[in-house]
1. Given the criteria surrounded by 15 or more Cβ atoms within 10 Å (Cβ to Cβ), within 24 Å of the chain's Cα centre (by Cα), within 11 Å of chain B (Cβ to nearest Cβ) and in contact (Cβ under 8 Å) with a residue 12 or more places away in the chain, does residue A:167 qualify?
2. Regarding residue B:154, is this residue over 20 Å from the mean Cα position of the chain (by Cα), within 14 Å of another protein chain (Cβ to nearest Cβ) and surrounded by 15 or more Cβ atoms within 10 Å (Cβ to Cβ)?
3. Looking at residue A:45 and the list (1) in contact with a helix residue (DSSP H, G or I) (Cβ under 7 Å, 6 or more places away or on another chain); (2) part of a helix (DSSP H, G or I), which single condition is not satisfied?
4. Considering only the stretch A:129-145, state which residues are surrounded by fewer than 15 Cβ atoms within 10 Å (Cβ to Cβ), more than 14 Å from chain B (Cβ to nearest Cβ) and closer than 23 Å to residue B:233 by Cα.
5. Quick check on my filter: what residues within the stretch A:61-99 are touching a helix residue (DSSP H, G or I) at 6+ places or on another chain (Cβ under 8 Å), in a loop (DSSP other than H, G, I, E, B) and under 26 Å from residue A:257 (Cβ atoms)?
6. Is it the case that some residue within the stretch A:78-88 is touching a residue at least 40 places away in the same chain (Cβ under 8 Å) and under 14 Å from residue A:226 (Cα atoms)?
7. With the structure loaded, tell me whether residue B:211 is touching a helix residue (DSSP H, G or I) at 6+ places or on another chain (Cβ under 6 Å), in a helix (DSSP H, G or I) and at pLDDT below 90 or whether it fails that test.
8. Looking for whichever is more than 14 Å from chain B (Cβ to nearest Cβ), closer than 25 Å to residue B:225 by Cβ and either in contact with a helix residue (DSSP H, G or I) (Cβ under 9 Å, 6 or more places away or on another chain) or surrounded by fewer than 22 Cβ atoms within 10 Å (Cβ to Cβ) (or both) here; the options are A:211, A:118, A:152. Which one fits?
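The values are calculated or read from the model by the stated rules, or taken from the named source; none is laboratory data. Since we're looking at a predicted model, the values are computed, not measured. Positions of Cβ are backbone-derived with ideal geometry, glycine not excepted, and every protein chain shown enters the neighbour counts.
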């Protein structure tokens with residue numbers, strides 16, 4: 001990697017700082033409602049993504065992965081925090097709300113949705129869906145729309161005749177190709193892939209993952225790849241962040257994390273990956289109990305009620321996310 | 001299956017349906033008995049000979065089966081018979097009285113459609129807010145209040161207390177005073193249209209709002225936002241169009257049922273339309289009018305359903321013909 005010659009700050013394309021998203025919980029009375037608590041979906045998280053890399057974001061369902069991603073693009077409004085793209089604070093731009101500025105952001109940062117059955121307008125042809133960004137951004141002269149449309153379709157492995165069809169005429173894999181093409185229509189630099197393969201048949205997952213990797217090389221894209229499926233994360237990511245109950249608990253280069261997870265939660269997730277060999281005895285899950293509700297996050301380390309190594313200090317003091325050798329960040333009092 | 005074949009097949013079903021309804025209504029009317037006898041029996045000075053003569057004049061001495069086919073043959077040739085009470089051709093009556101009904105029904109439907117879309121979008125984009133809560137309560141109230149009650153309240157407030165709008169009829173001598181039949185006609189239309197629109201708006205709003213809420217949850221809405229589309233266009237281009245299909249069905253039913261709701265409105269406002277005529281005809285056993293109007297109601301309902309289904313296919317590419 002040549003990244004080492006670049007000063008640490010400049011190779012970061014994305015820098016998320018103290019991002020929080022709280023949902024108030026209200027009890028409704030007859031005439032008024034009062035707030036009785038809050039759900040801390042994303043609870044003060046910070047991380048960076050380097051130019052050209054893929055950061056994998058893993059964690060169980062409901063741990064706040066999607067909320068983080070959507071808040072970064074201001075698709076949902078975060079409670080506080082910032083998300084820098086280069087040196088522009090995306091969330092501040094949206095707060096100010098000047099249209100030409102927000103449009104610039106939308107052109108650079110795009111989103112691929114999990115379920116291609118829900119993310120395409122069922123009454124629009126593929127051409128209509130793909131041309132909408134052209135209509136909004138006007139970054140391609142109208143005379144070139146058709147040529148660009150065909151280019152886009154070829155880029156994601158579809159043919160020109162697919163443009164005139166409706167989403168229901170496609171398979172899940174093809175629809176996801178359309179979803180990717182829509183994200184690429186504005187020629188973005190950064191793409192968030194939110195579980196792009198988890199609603200697809202196992203047989204087409206590899207094709208879509210290969211496509212994503214290919215496109216990254218060809219178009220020099222930076223990805224945030226969200227998934228609960230660790231094998232796909234391992235395949236596409238350079239670095240991995242592990243999320244638990246709205247917080248990042250460990251972050252490291254993909255090989256380091258997979259070969260030597262230091263957080264007990266990361267370890268538990270990794271041992272839960274099934275091994276496709278009947279002779280290998282099935283690993284017993286080291287996790288006990290259920291994920292606590294995001295409304296009642298445990299005191300101290302939020303993982304302690306389920307952690308095999310928890311001690312008194314874990315119950316009272318929340319461990320900060322701190323450097324733990326090399327490129328690794330870790331939030332644990334008693335690392336493995 | 002091509003759309004032409006589909007339409008032809010549906011049309012054949014429709015004709016069969018209309019014929020079926022005509023048989024049922026004809027049987028029911030005949031079950032009551034000879035209208036001439038019923039209407040004239042107790043009048044002093046009417047002899048049996050006179051009744052027989054009048055019955056013969058209206059072909060009532062023939063067996064029902066024959067009379068049905070005579071009636072059917074005449075209808076096919078465009079002749080609906082002659083009203084016993086008005087002594088006018090039923091076809092002409094249906095046309096002139098029908099125009100009066102359209103005059104209040106069509107504006108009411110159009111007004112309520114525009115209003116409902118606007119109100120529902122406002123509510124759905126602010127789900128669970130006070131605005132949404134208010135709209136829902138209002139719409140539920142509007143839907144549950146009986147039409148005649150709303151009509152009478154309108155008359156009480158706007159005619160009796162405020163004296164702004166007339167409480168009955170479609171025309172008045174004011175026509176001369178104002179120098180224009182148009183303004184006078186519009187003036188009379190306001191209250192009946194308001195009563196109809198009130199109910200329609202309530203129902204359409206509830207339907208549209210729940211569809212909007214459902215559509216707004218889909219990821220393609222967020223995808224549209226992610227591509228930078230302004231919020232207004234996200235709502236109108238993506239959400240409203242998708243939420244509109246079930247409303248379209250209901251709209252079709254509203255058009256078809258126009259004559260079903262007409263009797264109540266037109267009785268409350270003494271409006272000279274088909275609904276008013278229908279009630280009168282039933283009370284007076286004016287059977288050519290009853291038959292003719294039932295046919296019109298059936299044909300309108302069947303046509304509206306057919307047009308709705310065709311519009312469906314044109315709007316929603318996912319719907320397959322089978």
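1. Answer is no for this residue.
2. No, not satisfied.
3. The number of the failed condition is (2).
4. Within the stretch A:129-145, A:141, A:142 meet the criteria.
5. A:73 - this is the single residue of the stretch A:61-99 that is touching a helix residue (DSSP H, G or I) at 6+ places or on another chain (Cβ under 8 Å), in a loop (DSSP other than H, G, I, E, B) and under 26 Å from residue A:257 (Cβ atoms).
6. no
7. The answer is no for residue B:211.
8. A:211
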